[in-house]
Amino acid sequence: MYDPREDRISRRQMTAMGWVVLLAPLIRQIPGSLLGPAGRTGWLAIPAAALPLWGLSRLLGRFLKNRGPDEGLGEMFCRALGRGAGRAAALAYTIWLVLYTGFVLRAGADRFIAAVYPQSHPWIFMGVMLVLGLVAALGRLRTLARCAQVSLPLLAAVFWGVMLFALPEVDWGNLVPVTVGDLPGTALAVLPMTDTLGILAFMAFLQGRVQPGQPPGPAPSCLLWLLLGALALFVTTVGTFGAELAQNLHYPFFAMIRGIRIFDLLDRVEALVVAQWVITDFILVSMLLQICSGTLTLALRGPGVPRRRWLAAGCAAAAALAGWLCAPTSFALRRLTLYVFPLGNAVFIFAGLPLIFLVGRLRKTI
């Protein structure tokens with residue numbers, strides 16, 4: 001029988017999950033979301049995003065500072081807002097995360113089609129990924145976290161290996177010089193960069209399932225490596241194609257790695273990379289369904305009730321419908337990628353969480 005008290009993960013496992021699940025959003029967003037406001041100098045926005053992300057981490061740390069051993073972010077909503085309003089807030093976050101899960105399914109299928117099977121339909125890839133993710137969501141979080149730990153070295157080796165072999169093709173003139181006139185656009189590009197990595201905040205809903213006595217959220221080293229990865233992505237893709245061409249490409253990262261040859265032994269590098277990124281999508285979808293089933297349990301039954309795992313099936317069905325309807329074409333998906341979902345995530349992360357925290361501080365309940 002499932003015992004939630006035995007389904008605990010360590011902070012190291014939480015960090016491994018954070019690194020793995022952010023690889024797919026990074027590739028989806030970088031460099032496209034930075035090129036619009038900043039052009040070739042968008043790489044400067046990546047280290048600049050460290051400050052607001054550090055602020056978000058501090059906010060979550062304060063939010064969860066006085067939590068109980070089985071309490072995560074959702075339970076702290078109930079403390080901050082009161083039981084009724086907190087459950088309503090948990091329901092709102094559940095709905096958004098279900099929609100986001102559907103978008104992740106659709107985007108992962110589109111990436112696979114663009115890189116490997118250009119004449120295929122996305123629904124079969126979405127269906128397979130959803131079934132795999134649901135099976136994992138119905139199981140233990142500890143199993144999923146161990147899968148992330150095992151996958152992380154291989155994913156990191158593939159990612160940094162590709163970056164290394166891409167460097168000889170970089171034309172550094174596509175990235176410099178930087179002038180004073182470039183700084184306003186670079187400042188605007190900090191917003192989408194912060195939003196992309198801010199998705200880590202949703203992992204705070206799992207904090208009640210982390211072993212007691214450990215700090216909330218992934219370790220700071222996770223954020224550092226993600227920023228370095230984003231910088232490497234921007235430099236190699238924009239340095240290879242130039243800002244104008246990279247902005248017009250649907251997936252500039254995969255277009256770049258098509259030209260990579262590894263010692264004349266491996267020609268289809270993009271197929272290998274996409275196959276590895278299936279693991280990333282699997283862990284991301286599974287984690288989101290784990291979170292959704294937990295927050296939906298909280299919304300329906302209140303705090304203190306163990307997660308009803310079967311609710312993950314309902315969340316998965318709703319995510320499948322959202323993924324089916326959200327983007328009938330790749331062009332519609334590109335709009336969702338660059339505008340709709342980044343804006344929604346920004347509202348829930350950078351507006352919703354500080355507002356709930358502020359209400360809790362004013363009510364002196366957290």
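The values are calculated or read from the model by the stated rules, or taken from the named source; none is laboratory data. Keep in mind that what you see is a predicted model, and the values were worked out from it rather than measured. All Cβ positions, even for glycine, are placed from backbone atoms using ideal geometry, and neighbour counts span all protein chains on display. Each accessible area value is taken on the protein alone, full model and side chains, heavy atoms only, with ligands, DNA and RNA left out. Shrake-Rupley method; radii C 1.70, N 1.55, O 1.52, S 1.80 Å.
Using 7 Å Cα-to-Cβ label points, what is the Q119/A156 separation (nm, one decimal)?
Placing both labels 7 Å beyond Cα along the Cβ direction yields 4.1 nm.
What number, rounded to the nearest 500 deg cm²/dmol, is the helix-based mean residue ellipticity at 222 nm of the chain, given -39500 (n - 2.57) per DSSP H run of at least four residues and division by all its residues? All intermediate terms of the calculation are to be shown ahead of the outcome.
Working: 17 runs with 250 residues, N = 366.
Estimated from H runs of four or more residues: -22500 deg cm²/dmol.
Which value, in Å², gives the accessible area per residue of the chain when a 1.4 Å probe is used on the protein heavy atoms?
43 Å²
Suppose we look only past 23 Å in the calculated P(r) of the stretch 38-169. What percent of the Cα-Cα pairs does that tail hold?
Across the stretch 38-169, Cα pairs with separations above 23 Å total 63 percent.
What part of the accessible area of the chain, given as a whole %, is carbon or sulfur when the probe is 1.4 angstrom? The partial results should precede the final answer.
On the way: 10520 of 15710 Å².
Its accessible area is 67 percent carbon and sulfur atoms.
Tell me which residues come under 5 Å, amide H to amide H, from I9 once H is placed; ignore anything under 5 positions away on its chain.
HN-HN under 5 Å from I9: V210, Q211.
If you look at just the Cα atoms of the stretch 300-345, how large are its Rg and its Dmax in Å?
Cα radius of gyration and Dmax of the stretch 300-345 are 15.1, 44 Å respectively.
How high is the relative contact order of the stretch 39-108, in percent, with contacts defined as C-alpha pairs under 8 Å that are six or more residues apart?
14 percent
Using Cα pairs under 8 angstrom and six or more residues apart, how large is the relative contact order of the stretch 223-366, in percent? It would help to have the intermediate numbers written out before the result.
Details: 54 pairs, mean separation 14.6, N = 144.
Relative CO of the stretch 223-366 lands at 10 percent.
Where the Cα atoms of the chain are projected onto their three principal axes, how long is each span, largest first, in whole Å?
56, 46, 36
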